[in-house]
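Report on one structure; see the data block that follows.
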Amino acid sequence: MTVWSFITGAAILLLILVVICFLLYCGYIHYIHMKYDHIPGPPRDSFLFGHSPTIMKLMKNNMLIYDTFLEWVEQYGPVIRINGLHNVLVLVISSDGVKELLMSPKYTKDDFYSRIGVLFGARFMGTGLLTARDYDHWHKQRRIMDPAFSRTYLIGLMGTFNEKAEDLMDTLGDKADGKCQVGIYDMLSRVTLDVIAKVAFGMVLNSLHDDQTPFPRAISTVMRGMVETRNPFTRYTPGKQAFLRDIKKSIELLRKTGRECIERRMKAIHDGEDIPVDILTQILKGAELEGGCSLEDLIDNFVTFFIGGQETTANQLAFAVMELARNPEILTRVQSEVDEVIGSKRDIDYEDLGKLRYLSQVLKETLRLYPAAPGTSRTLDEELVIEGVRIPPGTTVMLNSYIMARMEKFYQDPLVFNPDRFHPDAPKPGYAYFPFSLGPRSCIGQVFAQMEAKVVMAKLLQRFEFELVEGQSFRILDTATLRPMDGTICRLRLRAEHKSKK
């Protein structure tokens, strides 16, 4: 047998094996279709790829996939299947479904949280408080972290909230000539980064005044990377390789910063220095109590809180500014409340926050229409019937508050920005509003986030009139959290009573 004949025979054999494997894979996909096709849903784009082509096209064009999912729900019902290759995601838009899946600890987080634990091969959030899928491991971490979010500790943060918010007001005051165009989202994302760095980890970043700081870009990059996990072909797309390297460099920066911060605090503890009872202290206390906790485990929670404490609050505030600028009657009403409660005070007290009731309604309505985290997902260990639809065990189920917020079934005139929905006496739909999730795995930092948001927003309303620059699209950008695509570009003017003080 010649060498050429041997090579040809081997190539034919390899081709036959590839064809057999492909046919077996197609058979498996057919089996998956048979297993799930009793669940309603839109027609697949193709037998092999399911709905992936539609989703990839939406992502490529920076369109929000949840708007398309909303159209599918309205057409096919509250429980729909979404196919991608051999994977099936079941979207459940049902109050009963939310109650069942979020209020009980027996439903674990799905594989998405593992994918952001290790993002494209680089350890990102690891098995921190957000990404831990094992309930016992998560519960132990949560108990350890709870003291850092106690009422006593949060009241003690008011000084930093005021200090950093005043820094932002001074910066905006220099631009408040009624002509200068200000990117509100960018400014807010920097101040919230400065806040979480200071109150959680004792770090002074000063990113509000430092255009060269790498952290805002690093956070933005890894958040985009989280979105890319939806695309099963990202790793193998030639044009994406530079982006993947950028993600890994950004993760390396964040984890290196966490490592240095943790090591400094460890040294301070060893040297007997006074240390604050902040999130970092609780992370280290957890390591001591849990035993066998590695430095990498500690860094997981540093990264989780560093990003989570910055991104969500900045997004909420930017959307709030956008909606208030579009609704002058609501703006006037909330400014009147701020004037009555805060007056001309520079420092807002903790007791003032409870009196800002209409501002609370504004912030809640903002989260209804624009939840920073639009949804969450769980894995079923056993069969579940929701809205009369049987969902097989092993299925990933997605719950989405963004979609529920836009349905007449749950809210009258759902697209209208109406803070009175959250008046204490107003009727509210059950289990349709969960911007911070619900149940045992609800966000530990939600009270922290809303205190910070109230302080910053109250000071903005106290000092400035703002109008949106013309030509903005008001589109929503999905970077794993939702934020204004155009950045909420405004022109600012000092309110009359503050002009003389400038």
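Computed from the coordinates by the stated procedures, all read-outs in this text should not be read as laboratory data. Because the structure is a prediction, the values reported are computed rather than measured. Positions of Cβ are generated from backbone atoms using ideal geometry, with glycine treated the same way; all protein chains shown enter the neighbour counts.
What to note about this one:
- Residue order, fewest to most surrounding Cβ atoms within 10 angstrom, among Asp425, Asp186, Asp486: Asp425, Asp186, Asp486
- Listed peptides 115-121, 79-85, 453-459 by packing density, highest first (mean Cβ within 10 Å): 453-459, 79-85, 115-121
- Ile155-Lys355 FRET efficiency (beta carbon distance; Förster radius 22 Å; 0.05 resolution): 0.90
- Length released on extending from Glu166 to Val227, taking residue separation times 0.36 nm less the Cα-Cα span: 18.6 nm
- The range 1-68-the range 426-502 distance, computed between alpha-carbon centres (Å): 43
- For the range 109-115, backbone phi angles converted through the Karplus equation (6.51, -1.76, 1.60; θ = phi - 60°) give residue-by-residue couplings of 5, 8, 5, 3, 5, 6, 5 Hz, Gly and Pro being listed as x.
- Theoretical ellipticity at 222 nm over the chain - DSSP helices of four or more residues, -39500 (n - 2.57) apiece, nearest 500: -17000 deg cm²/dmol
- The aspartates and glutamates within cross-link reach of Lys345, meaning a Cα-to-Cα straight distance under 18 Å and a gap of 8 or more places when in the same chain, are Glu163, Glu166, Asp167, Asp170, Glu337, Glu452, Glu465, Glu497.
- Estimated dipole of the chain in Debye, rounded to 20 [Cβ of Lys and Arg +1, of Asp and Glu -1, Cα centre]: 800
- Under 5 Å, built H, 5+ apart or other chain: amide partners of Ile476: Met485
- FRET efficiency, 1/(1 + (r/R0)^6) with R0 45 Å, evaluated for Cys180 and Lys140 via beta carbons: 0.35
- Label-zone membership for the range 231-255, site Glu296, 7 angstrom Cα→C-beta point, backbone N under 17 Å: 248-249, 251-255
- Highest-first arrangement of 97-105, 273-281, 20-28, where packing means the average Cβ count within 10 Å: 97-105, 273-281, 20-28
- Membrane-span-like helices in the chain, defined purely by DSSP H runs whose alpha carbon atoms cover 27 Å or more axially and whose average Kyte-Doolittle hydropathy reaches 1.0, are 3-36.
- Listed residue pairs exceeding 32 Å between alpha carbons, taken from Lys140/Lys459; Lys99/Lys248; Lys109/Lys198; Lys106/Lys428: Lys140/Lys459; Lys99/Lys248
- Relative contact order of the chain, defined on C-alpha pairs under 8 angstrom at six or more residues apart (%): 23
- One Cα centroid belongs to the range 178-231, the other to the range 282-347; the line between them spans 12 Å.
- Full-extension gain in nm, Ile275 to Met407, via 0.36 nm per residue minus C-alpha separation: 42.7 nm
- Estimated FRET transfer efficiency (Leu415, Asn61; beta-carbon r; R0 30 Å; 0.05): 0.85
- Placed amide H near Ile391: partners under 5 Å, 5+ positions off or other chain: Leu384, Val385, Ile386
- Across the range 175-183, coupling constants 3J(HN,Hα) worked out from phi with the 6.51/-1.76/1.60 Karplus curve, θ = phi - 60°, read 10, 8, 9, x, 10, 5, 8, 10, x Hz, and Gly and Pro carry x.
- With 0.36 nm allotted per residue and the present C-alpha distance subtracted, the Glu340-His30 stretch has 105.1 nm of extension available.
- C-alpha center-to-center spacing [the range 354-395, the range 120-159] in angstrom: 20
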